[in-house]
Amino acid sequence: MQSMQDWVKDYLDARGYAGSYVLKDSQPDELTNPLDTTIIVCTKGTSFPAVDHEIGGPLVWKERGFTFDVLGATEKLGMNISSHIEERFESGSRLPVKDFSTPTPTVVERLWIEDVFTNRLNFSDPRPWQRFWYSVNVAVIDEFNMTFEA
């Protein structure tokens, strides 16, 4: 998940959003009303069982889901940042996965991006921090050789 967060962070920073958001691994315990800054929460979603990619061979595909919840400090920031995250995954590039166990993280594989969609969460009586909440859902395909799996 760190590779995915870094990939999105680099993209947002290159588009001028550095310093206007905080990237987190889980929902914060406490939120200010209104938010001081836009919060992006990246969480692992649904994963599906691996399926054979080639008949009789060890190559399989596994679909993994991730969600980027964007809690915008303003409507403009929430909408723009979520749009840029969606744009990043729809760019046609493959997601670089890095090995962080080495002193200099290196790309060890690139995952296919299967599907991306964004929706705006609506609440009947939203708290101030819920007013500009967007959710970007991403599905990636992990292709691997089953003979190397433990």
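Quick one: of the DSSP bridges fully inside the chain, what percent are antiparallel, nearest 5? Antiparallel bridges: around 90 percent, rounded to the nearest 5. For segment 2-148, relative contact order (Cα pairs under 8 Å, six or more residues apart, normalised by length) works out to 26 percent.
Model label sites at GLN5 and GLU143, defined 7 Å from Cα along the beta-carbon direction, differ in position by 2.8 nm.
Helical runs (DSSP H, four residues minimum) scored at -39500 (n - 2.57) apiece and divided by the length of the chain put the mean residue ellipticity at 222 nm at -6000 deg cm²/dmol. Between the beta carbons of SER101 and VAL22, assuming R0 = 25 Å, the FRET efficiency works out to 0.45 to the nearest 0.05.
Highest mean first, the peptides 127-137, 64-74 sorted by other C-beta atoms within 10 Å per residue fall in the order 64-74, 127-137.
Restricting attention to the chain, the count of lysine pairs at 8 or more positions apart or across chains with alpha carbons under 15 Å apart stands at 4.
Computed log10 I(q)/I(0) for segment 2-148 at 0.15, 0.18 Å⁻¹: -0.81, -1.06, from the Debye equation with unit scatterers placed on every C-alpha and solvent omitted. Counting alpha carbon pairs within less than 8 Å and at least 6 residues apart, what relative contact order, in whole percent, applies to segment 65-150? Reported as a whole number, the value is 39 percent. Label separation (MET79 vs LYS44): 3.5 nm, computed from points 7 Å beyond Cα along the C-beta direction. Given their separation in residues at 0.36 nm each and the Cα-Cα distance between them, THR32 and PHE123 gain 31.0 nm when the chain is fully extended.
Read-outs: derived from the displayed coordinates by stated rules, not from any lab. Values in this document were obtained by computation on a predicted structure and should not be read as measured data. Ideal geometry is used to build each Cβ from the backbone, glycine not excepted, and the neighbour counts take in all protein chains shown.
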